[in-house]
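Notes follow the structure.
The values are calculated or read from the model by the stated rules, or taken from the named source; none is laboratory data. Please read all numbers here as calculations on a predicted model, not as lab measurements. Methodologically, a virtual Cβ is constructed for each residue, glycine included, from the backbone with ideal geometry; neighbour enumeration extends over all protein chains shown.
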Amino acid sequence: MSATRATPAPGTRRARSLGAGGQASPPRLALRKSEAAAALGLSDESFDKYVRPSLRAVRVGSTRLYPVAELQRWLAEHAEAPLEELARTLAGDSPSGGQ
């Protein structure tokens with residue numbers, strides 16, 4: 001029986017592809033530039049301009065790989081605070097209710 005890929009339902013994770021022998025392929029630890037840009041929902045040009053300068057990369061010959069952990073770190077550092085939290089901060093209130 002051959003392995004087939006089913007299209008995942010919206011909002012669910014895509015199943016890992018099956019490699020030789022029906023084994024699940026290991027998770028990707030690093031991505032090429034176009035893959036990293038796509039993972040962030042950016043064009044290659046926007047990735048180069050806004051993201052790449054602050055990422056560590058791994059060089060393998062002429063290939064540059066971006067660790068998934070670096071992409072996650074960048075995303076967490078550049079995520080904006082929810083508006084309610086920002087409003088409390090600007091008003092001088094603490095999130096714990098002033099305690």
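With the requirement that a residue be exposed (fewer than 11 other Cβ atoms within 10 Å of the Cβ) and assigned to a helix (DSSP H, G or I), what does region 79-88 give you?
Residues of region 79-88 exposed (fewer than 11 other Cβ atoms within 10 Å of the Cβ): 79-84.
Answer for region 79-88, where residues must be exposed (fewer than 11 other Cβ atoms within 10 Å of the Cβ) and assigned to a helix (DSSP H, G or I): Leu83, Glu84.
Determine if region 43-58 includes at least one residue that is at pLDDT 95 or above, of a type in the set (Asp, Glu) and exposed (fewer than 11 other Cβ atoms within 10 Å of the Cβ). Yes - at least one qualifying residue is present in region 43-58.
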